[in-house]
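Notes follow once the structure below has been shown.
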Amino acid sequence: MGIAEWRQRLRKGEVSARQLTESCLARIDSVDAQVHAFLEVTRERALADADRIDLARAAGQELPPLAGIPIAIKDNLCTRGIRTTCSSRMLEDFVPPYESTVTERLWRAGAVLIGKTNLDEFAMGSSTETSAFGPSRNPWNPQRVPGGSSGGSAAAVAAGECVAALGSDTGGSIRQPAAFCGVVGLKPTYGRVSRWGLVAFASSLDQVGPFSHSVADSSEILQVIAGADPRDSTCLNSPVPDYLASLEQPIKGLRVGMIRECLDAEGLAPEVKASVLEAAKVLEGLGCELVDVSCPRFNDGIATYYVIAPSEASANLARYDGVKYGHRSRADAASESLAVMTARSRAEGFGDEVQRRILIGTYALSAGYVDAYYHKAQQVRSLIRQDFDRAFEQVDLLLTPTAPTTAFGFGAHKDDPLAMYLADLLTIPANMAGLPAISVPCGFDDQGLPIGLQLIGGVLQEATLLRLAHHYEAVARVQSSRPLAALVADALG
């Protein structure tokens, strides 16, 4: 059931918040040894939160919108008094003294913290394989990756270990794992949701968003976490519309752009393309007009991203020096200089992929190269945004596959980081332009693995984006027709 159904049952007293929380904890006990979606299960906190909700309901108090709903949090969002590791040895023992804005808003809305989920180290990856604490697995097939970097959050929702989850999206880290795990994943407009308390990877790209089983549930969570925040100077001071109220508004007459460069992209699996084209026909049958559009620099997004994102990561991760906080080498440092101690601490604390991106970023920002790489990449970023601006003069929304393929096997790209980077080929451009985008399930390949449909909207057009996705979901019924419980049970034995 979705959030609205659970809320109705909770308010009627047909089920208690404690019972719902205990059912999620039991599911975690049953399957998470295989899925490894969670780095920490906050059992005592969750039950205490649920009991408070039940006491409030018994006392006749008005319950907030997410009262009693168990939600998992990606472990790069700070939670006061609860470890926040970013799946890195560098922050293995870090316990934040403060709460992130988005989680603070969730708890205020009555949500129950069920636990912190696994991710690629510092959100740098597309498979959750770079986690220092071991990879998460795809509930549809444990031999396949759940995607990344928010693979733990996507897997937790897909495996029924929570009702919903939060992730972060820098280049596709919500949408790509949502596609791989057959759930809904939403990346809002850059600045629509506060980043305060999100451990930074690439500050001009990072954005927080929800995973859920339905578009309506993602709308509910966005409603709670969106809005201005004086603690985040990049957070937009724009009114937050009623996303739920807009879901049922008609979509007839909406113009949907089919990006030519995406459907002809190198490496796009035939089954993915066929499924997305079939989804487009469904939208056409609902009264939308399909329009062929071109974004000539769309496929340049990935090269641009892998200059800008590592450059920002290089700057953001410079703070982890083994002095102020973070891992400090245990080697005898009596005769070492500060530089040697810092180098040793960073070499021990950061994994290979994080070190690779720090080196790329440092090189791109170095004297003699910053103009050739970083400044040039920013210019191309502006051109990508201009392509989107021109496209939105013709259409209301854009449609693409979410990922070129379905979930790949563990180790498939172990020795080829460039092949791994290409997993985000179709999601990165929306981050480069700061646009909202959503992935919804649209079918399955011949192995029974989910395929994701990506819809991209204009700046702050989440309401239209969610409305179109909701109408598609209701007609296509990919979620309700899939044998999720059976598939998860079979895959996990």
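Antiparallel beta bridges, as assigned by DSSP with both residues in the chain, represent about 65 percent of the total such bridges. The label-point distance for S366 and R260, in a model that sets each label 7 Å from Cα toward Cβ, rounds to 4.1 nm.
Full extension of the chain segment joining E248 with A274 gains 6.6 nm, where the gain is 0.36 nm per residue of separation less the Cα-Cα distance. Between amide H atoms placed 1.01 Å from N, distances below 5 Å from T117 occur with L39, I73, K74, D75, all of them 5 or more places distant or on a separate chain.
Applying 1/(1 + (r/R0)^6) with r as the Cβ-Cβ distance of A48 and K324 and R0 = 22 angstrom yields a FRET efficiency of 0.10. Which of the three applies to the stretch 119-257, rounded, prolate or oblate, going by the alpha-carbon gyration tensor with a ≥ b ≥ c and a/c under 1.5 meaning rounded? It is oblate, given that a/c is not under 1.5 and a/b is not larger than b/c. With 32 Å as the limit, the listed pairs K74/K324; K116/K273; K187/K252 have K116/K273 beyond it between alpha carbons. Ranked by how many other Cβ atoms sit within 10 Å of their own Cβ, fewest first, the residues H36, H413, H375 fall in the order H375, H413, H36. Of the trypsin sites (Lys or Arg not before Pro) found in the stretch 1-103, those in coil by DSSP whose Cβ has at most 16 other Cβ atoms within 10 Å are R80, R83. Between the beta carbons of V95 and L63, assuming R0 = 35 Å, the FRET efficiency works out to 0.70 to the nearest 0.05. For the chain, the relative contact order is 18 percent, taking Cα pairs closer than 8 Å that sit 6 or more residues apart in sequence and dividing their mean separation by the residue count. Within the same chain, aspartates and glutamates fewer than 8 places from K281 are excluded, and of the rest, those with a Cα less than 12 Å from its Cα are E289. For the chain, which longest stretch is free of loop sites, where a loop site is one of the GluC sites (Glu not before Pro) that DSSP puts outside H, G, I, E and B and that has at most 15 other Cβ atoms within 10 Å? The longest such stretch corresponds to 93-247.
When each of K252, K376 is scored by the number of other beta-carbon atoms lying within 10 Å, the sequence from fewest to most is K252, K376.
For the stretch 407-452, just say rounded, prolate or oblate: build the C-alpha gyration tensor, square-root its eigenvalues into a ≥ b ≥ c, call rounded for a/c under 1.5, and beyond that prolate if a/b exceeds b/c, oblate if not. Judged from the Cα gyration tensor, the stretch 407-452 comes out oblate (a/c at least 1.5, b/c at or above a/b). What base-10 log of the normalised intensity I(q)/I(0) is obtained for the chain from the Debye formula, alpha carbons as equal point scatterers, at q = 0.09, 0.13 Å⁻¹? Taking Cα atoms of the chain as identical point scatterers yields -0.56, -1.21. Going from the fewest other Cβ atoms within 10 Å to the most, the residues L383, L418 appear in the order L418, L383.
Taken together, the values in this text are just the output of simple stated rules run on the coordinates, not laboratory data. The structure presented is a predicted model; accordingly, all values stated were derived computationally and were not measured. Here the Cβ is made from the backbone with ideal geometry for all residues, glycine too, and neighbour counts use every protein chain on show.
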